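The values are calculated or read from the model by the stated rules, or taken from the named source; none is laboratory data. What you see is a predicted model; the values in this text were computed from it and never measured. Reconstructed Cβ throughout: ideal geometry from the backbone, glycine too, with neighbour counts over all protein chains shown. For the accessible areas, the whole protein counts, side chains as well, though only heavy atoms, and no ligand, DNA or RNA atoms are used. Shrake-Rupley method; radii C 1.70, N 1.55, O 1.52, S 1.80 Å.
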Amino acid sequence: TTEDLCAAQIAKKDDKFYIYGWIPKEHNRGFWGGFINLPTEVYALEDGTLATRFDSEFAAKVRGANVDKIEEDITLNIGEKVEVNTFNRLDNEYHFTMSDDAVLEIKQEINNYRIVVTNSITAPKVQVFTATYNCFTYDLRPGALAGDNVLRVLGEGRNLEIALNDTYVLTSRIERSLTLDGETDTNIVVAKQGTINLSLVSANKLKKLSEL
């Protein structure tokens with residue numbers, strides 16, 4: 001996980017282990033306190049490497065109504081993009097493959113955060129920016145973006161939680177709030193470099209606690 005998960009602890013529930021911690025109050029300052037992250041399971045891959053993923057029961061419950069969807073195969077070359085409507089209180093999912101040198105950017109038209117996924121044979125990474133400020137850079141394991149990828153982004157208030165391939169859950173604090181329930185924005189997916197092959201973009205509402 002990222003440095004935006006502060007004072008992280010491991011807790012056991014039944015036969016599973018979970019990591020939890022504080023998400024800072026500010027995107028660029030380390031004030032103590034904030035929100036606790038969403039339920040995130042820690043488990044071992046076949047080679048013994050530790051990985052993280054959203055708790056399966058939680059992940060199924062929190063997805064609300066769909067606002068927009070692309071379910072066709074689309075190839076994006078450098079500079080090309082697709083756009084979908086998105087809720088500001090969001091649970092969005094992206095299925096894609098990337099060329100070895102590709103850079104994928106996901107952003108909104110009004111809110112100023114950007115998620116940047118960079119493929120490289122030896123040094124793939126995920127970054128979150130708010131405007132030009134780098135909220136985090138997380139180095140993935142070599143080969144982490146080879147093959148089919150599933151990226152899920154949950155956003156509420158000034159918190160983003162990003163799940164990649166059931167292997168990484170990455171937490172970030174952003175500058176501008178996504179809280180307004182029912183308000184929509186435009187979600188933009190851009191190939192900044194290389195080739196991106198999209199097979200699904202699904203924009204959904206993140207349910208409130210009262211809806212669970």
(request) Scan segment 96-119 for residues that are out of contact with any Gly (no Cβ under 9 Å at 6 or more places or on another chain) and surrounded by fewer than 17 Cβ atoms within 10 Å (Cβ to Cβ) and jot them down. (result) 109, 110, 112
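Hey, among the residues in segment 88-133 that are among the β-branched types (Val, Ile, Thr) and assigned to a loop (DSSP other than H, G, I, E, B), which one's nearest to residue 152 (Cα to Cα)?
Step one: filter segment 88-133 for residues among the β-branched types (Val, Ile, Thr), giving 97, 103, 106, 110, 115-118, 121-122, 126, 128, 130, 132.
If we keep only those that are assigned to a loop (DSSP other than H, G, I, E, B) too, we end up with 110, 121-122, 132.
Numbers: 110: 20, 121: 22, 122: 23, 132: 23 Å.
Restricting to residues being among the β-branched types (Val, Ile, Thr) and assigned to a loop (DSSP other than H, G, I, E, B), the top hit is 110.
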(request) Output the number of the condition that residue 190 fails; it satisfies all remaining conditions of (1) surrounded by fewer than 18 Cβ atoms within 10 Å (Cβ to Cβ); (2) farther than 26 Å from residue 61 by Cα; (3) of a type outside the set (Ser, Thr, Tyr). (result) (1)
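Report yes if some residue within segment 80-89 is among the aromatic types (Phe, Trp, Tyr) and in contact (Cβ under 8 Å) with a residue 60 or more places away in the chain; otherwise report no. Break it down into steps so the answer makes sense when it comes.
Kept after step one, since they are among the aromatic types (Phe, Trp, Tyr), are these residues of segment 80-89: 87.
Those still in the list that are in contact (Cβ under 8 Å) with a residue 60 or more places away in the chain too: 87.
Yes, segment 80-89 has at least one match.
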(request) Take segment 68-79 and flag every residue that is within 22 Å of residue 113 (Cβ to Cβ), under 21 Å from the mean Cα position of the chain (by Cα) and open to solvent by less than 80 Å² (accessible area, probe 1.4 Å). (result) 68, 70, 76
(request) Determine which single condition residue 59 fails, assuming it passes every other condition in (1) open to solvent by less than 30 Å² (accessible area, probe 1.4 Å); (2) under 20 Å from residue 155 (Cβ atoms); (3) part of a strand (DSSP E or B). (result) (3)
